[in-house]
Amino acid sequence: MAGFGCPPRFQAGTTETIGGADVEIIQGEGQGKHAVTLGANGSYMLEFLRLNEPFSMRASMKEYSSESKDNPGFDTPSTPMHFYLTKSE
């Protein structure tokens, strides 16, 4: 297993970063791992995922839409996955 960091940002609309959003791996490598975005810059980190192993992630936060993404597997540590959440009406 490789150490794996993933520090992208969450954005509401286009530029506002969101702290306190939930990020979780919902399928595949690392299923069940969970992180919460930081308030200062919306970043998060999930560690110790195997490289080149596929997985699916979901980002969500109360009062915002959620977004899920599939990834075929990172080939380098610290490859970001960005999520774009919009305020629910």
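Values quoted throughout were computed directly from the atomic coordinates according to the rules given, and no laboratory measurement underlies them. In this text, all values refer to a predicted model and were calculated from it rather than measured experimentally. Note that each Cβ is placed from the backbone with ideal geometry, even for glycine, and that neighbours are counted across all protein chains shown.
What does the charge count near Gly30 come to, summing +1 for each Lys or Arg and -1 for each Asp or Glu among other residues with Cβ under 11 Å from its Cβ?
For residues surrounding Gly30, the net value is -2.
Can you check what the net charge comes to around Pro54, using other residues whose Cβ is under 13 Å from the Cβ of Pro54 (Lys, Arg +1; Asp, Glu -1)?
-2
What per residue convex hull volume, in Å³, do the alpha-carbon atoms of the stretch 10-85 yield? Write down the numbers at each step before the final one.
Working: hull volume 6.3 nm³, N = 76.
Taking the convex hull of the Cα positions in the stretch 10-85, it is 83 Å³ per residue.
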